[in-house]
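> Questions regarding the structure given below will be posed in turn.
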Amino acid sequence: NAGVMQNPRHLVRRRGQEARLRCSPMKGHSHVYWYRQLPEEGLKFMVYLQKENIIDESGMPKERFSAEFPKEGPSILRIQQVVRGDSAAYFCASSPLSSEVTGELFFGEGSRLTVL
Amino acid sequence: RKEVEQDPGPFNVPEGATVAFNCTYSNSASQSFFWYRQDCRKEPKLLMSVYSSGNEDGRFTAQLNRASQYISLLIRDSKLSDSATYLCVVFRNTGGFKTIFGAGTRLFVKA
């Protein structure tokens, strides 16, 4: 099964620690998107990446958050010095090149971050 | 104002009922439209794309009105398994490729 793979599925961190979330897109997909979903809220766009390129990071908080999609390996969303408000589900989605026209996304199962 | 707005929920309906969800979008440059379904604590999954001519998939019918910037989803003969959150989704490739999600409308179908 070559679906979008996210890990870890669940992550617990204490305030001030770092969280790293990984996403491997579907085979053949060159676009990766990260979304955040707070409890009882909708999905909020964070960042859109292609290999070695950040295309749109307009949804990323200005501080503590960063994302990358290296030439080799998964995309990584990094949150430094986590605070309780970072507790959320972080979903990664991927799309093939053709989705530049259609916009359809394929989601991973999400990584649930809990900050104590 | 949010770029994609949906009916506030939740909708509580009995099995067999017909239920309609509405959605409006504010950016006229939007070019593709979708309904996604999200079950509790799961990832969103594509339910159906929405075309200007309207499209139907079994009990589900989606409509798009570009002039009014309005999208709808109709579910006929509701099943218990239809209980989920329905997300209206809009895609545009101006100002960056961007897929925007509405906040979702929660549906509860009761026996």
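The values are calculated or read from the model by the stated rules, or taken from the named source; none is laboratory data. As the structure is a computational prediction, the values presented were derived from the model and not from experiment. For neighbour counting, all protein chains shown are included, and Cβ atoms are generated from backbone atoms with ideal geometry for every residue, glycine included.
> Collect the residues in the range A:51-78 that are assigned to a strand (DSSP E or B) and at pLDDT 90 or above, keeping them in residue-number order.
A:Asn53, A:Ile54, A:Phe65, A:Ser66, A:Ala67, A:Glu68, A:Ser75, A:Ile76, A:Leu77, A:Arg78
> Can you tell me which of B:Asn27, B:Asn12, B:Asn22, B:Asn93 is within 22 Å of A:His31 (Cα to Cα) and either without any contact (Cβ under 8 Å) to a residue 40 or more places away in the chain or surrounded by 12 or more Cβ atoms within 10 Å (Cβ to Cβ) (or both)?
B:Asn93
> I would also like to ask the following. Need at least 3 residues that are modelled with pLDDT under 95 per element, so show me which strands (runs of 3 or more DSSP E) inside the range B:72-111 make the cut, counting only ones lying wholly within it.
The qualifying strands (runs of 3 or more DSSP E) are B:84-92, B:98-101.
> Within the range A:29-50, work out how many residues are in contact (Cβ under 8 Å) with a residue 24 or more places away in the chain, in contact with a Leu (Cβ under 9 Å, 6 or more places away or on another chain) and part of a loop (DSSP other than H, G, I, E, B).
2
> Let me ask something else about it. Collect the residues in the range A:50-65 that are of a type in the set (Gly, Ala, Ser) and surrounded by 15 or more Cβ atoms within 10 Å (Cβ to Cβ), keeping them in residue-number order.
Passing the criteria: only A:Gly59.
> Right, another one. In this structure, is B:Leu64 away from every other protein chain (no Cβ under 14 Å) and either within 14 Å of the chain's Cα centre (by Cα) or not polar (S, T, N, Q) (or both)?
no
> Given the conditions (1) loosely packed, with under 15 Cβ neighbours inside 10 Å; (2) out of contact with any Asp or Glu (no Cβ under 9 Å at 6 or more places or on another chain), which single one is not true for A:Arg9?
Unmet for A:Arg9, out of (1) loosely packed, with under 15 Cβ neighbours inside 10 Å; (2) out of contact with any Asp or Glu (no Cβ under 9 Å at 6 or more places or on another chain): (2).
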